[in-house]
1. Determine, yes or no, whether GLU18 is out of contact with any Lys or Arg (no Cβ under 7 Å at 6 or more places or on another chain) and of a type outside the set (S, T, N, Q).
2. Of all residues in the range 29-74 being without any contact (Cβ under 8 Å) to a residue 12 or more places away in the chain and β-branched (Val, Ile, Thr), which is nearest to ARG9 (Cα to Cα)?
3. Looking at the range 29-40 only, could you name the residues that are surrounded by fewer than 16 Cβ atoms within 10 Å (Cβ to Cβ) and either of a type in the set (Ser, Thr, Tyr) or within 21 Å of LEU4 (Cα to Cα) (or both)?
4. What tally of residues in the range 41-64 results from selecting those that are part of a loop (DSSP other than H, G, I, E, B) and surrounded by 10 or more Cβ atoms within 10 Å (Cβ to Cβ)?
5. Among residues belonging to the range 9-28 that are under 13 Å from GLY62 (Cα atoms) and in contact (Cβ under 8 Å) with a residue 24 or more places away in the chain, point out the one that is surrounded by the most Cβ atoms within 10 Å (Cβ to Cβ).
6. Please tell me if ASP24 is assigned to a helix (DSSP H, G or I), at pLDDT 90 or above and either under 10 Å from the mean Cα position of the chain (by Cα) or of a type outside the set (Val, Ile, Thr) (or both).
Amino acid sequence: MAQLEDEARERILKKLAEAREWTDHRLDPLSGWPYYKLRAGDYRAIITWHREADVLVVEAVGHRRNVYDRHLPP
């Protein structure tokens with residue numbers, strides 16, 4: 001996340017904080033993958049959600065146009 005612009009980073013951190021309290025309403029499952037996505041403007045975070053422990057792990061963050069191509073296996 002250090003490579004992101006300050007505004008994008010702050011927006012993602014805010015959405016992650018919201019997701020910790022309203023996880024079911026903030027995360028969308030990625031079709032065909034064991035991950036979820038978190039939308040923050042033009043950016044997306046690819047997240048693993050360990051429901052039993054209620055832990056969110058951010059796997060990748062990037063612009064919506066290429067985050068999936070760069071961070072999900074073919």
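1. In short, no.
2. So, considering only residues that are without any contact (Cβ under 8 Å) to a residue 12 or more places away in the chain and β-branched (Val, Ile, Thr), the one nearest to ARG9 (Cα to Cα) is VAL57.
3. Initially, the range 29-40 is screened for residues surrounded by fewer than 16 Cβ atoms within 10 Å (Cβ to Cβ), giving 29-34, 39.
Correct list: SER31, ARG39.
4. Looking only at the range 41-64, we keep the residues that are part of a loop (DSSP other than H, G, I, E, B), and these are 41-42, 51-54, 64.
Those left that are additionally surrounded by 10 or more Cβ atoms within 10 Å (Cβ to Cβ): 41-42, 64.
The total comes to 3.
5. Top of the filtered list is ILE12.
6. Numbers: assigned to a helix (DSSP H, G or I): yes; at pLDDT 90 or above: no; either under 10 Å from the mean Cα position of the chain (by Cα) or of a type outside the set (Val, Ile, Thr) (or both): yes.
Here the answer is no, as ASP24 does not meet what is asked.
The values are calculated or read from the model by the stated rules, or taken from the named source; none is laboratory data. These figures come from a predicted structure and were not determined experimentally. For neighbour counting, all protein chains shown are included, and Cβ atoms are generated from backbone atoms with ideal geometry for every residue, glycine included.
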